[in-house]
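Here is the structure we will look at.
The values are calculated or read from the model by the stated rules, or taken from the named source; none is laboratory data. Being a predicted model, the structure only gives us computed values, none of them experimental. Cβ placement follows ideal geometry from the backbone for every residue including glycine, while neighbour counts extend to all protein chains displayed. Heavy atoms of the whole protein, side chains included, go into the accessibility calculation; ligands, DNA and RNA do not. Shrake-Rupley method; radii C 1.70, N 1.55, O 1.52, S 1.80 Å.
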Amino acid sequence: MNAIITASELAGELAGAHPPVLLDVRWQLSTAKAAGAPPFDGRAAYGAGHLPGAVYVDLDGELASAPGANGRHPLPDVAEFGAAMRRAGVSSGRPVVAYDGGQGWAAARAWWLLRWTGHPNVRVLDGGLTAWEGPLSTDVPTPAE
């Protein structure tokens, strides 16, 4: 299995009979708060436009535990992570593609966590949302758990 998928390969899979679950994991470390500006808001970026059918996954709240002695983004509790992934429509029998704003490391965290917990088919969109040439959506899906 290749851990990376191109935008054109993803477009083909989304048009197929068994499309992957899409996880929008846009997040970025922001120094804006220190400067008095609002920090990056991944959920707002998702609301402004995302891949059709994608579900937003919050890196701070769903892909990490609260910051503390174990660092800024310690591993999430496995049960809480599993519940978050089920809410996003992830199941072991369906492929998953995670994407972020283009840097790749936020989506890579989702990829790593899903692989670490045993998901057999997870990929990261090469180039993230910026590589996507198709239409964006503002519809918020409600996947079955």
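Structural remarks
- Annotation note: Cβ proximity below 7 Å between a residue of the range 19-42 that is over 16 Å from Thr130 (Cβ atoms) and part of a loop (DSSP other than H, G, I, E, B) and a residue that is at pLDDT 90 or above and open to solvent by less than 20 Å² (accessible area, probe 1.4 Å) (sequence gap 6+ or interchain) occurs for Pro20/Val96; Pro20/Val97.
- Output for the range 103-139, where each listed residue is over 13 Å from Ile4 (Cβ atoms), open to solvent by 20 Å² or more (accessible area, probe 1.4 Å), of a type outside the set (S, T, N, Q) and touching a residue at least 12 places away in the same chain (Cβ under 8 Å): Arg109, Gly118, Pro120, Leu129, Trp132, Glu133, Gly134, Pro135, Leu136, Asp139
- Criterion applied to Ala54, Ala45, Ala15, Ala35 was being open to solvent by 50 Å² or more (accessible area, probe 1.4 Å) and at pLDDT 90 or above, and the one residue passing it is Ala15.
- The range 53-108 - residue that is part of a helix (DSSP H, G or I) and of a type in the set (D, E, K, R) and, of those, farthest from Glu133 (Cα to Cα): Glu80
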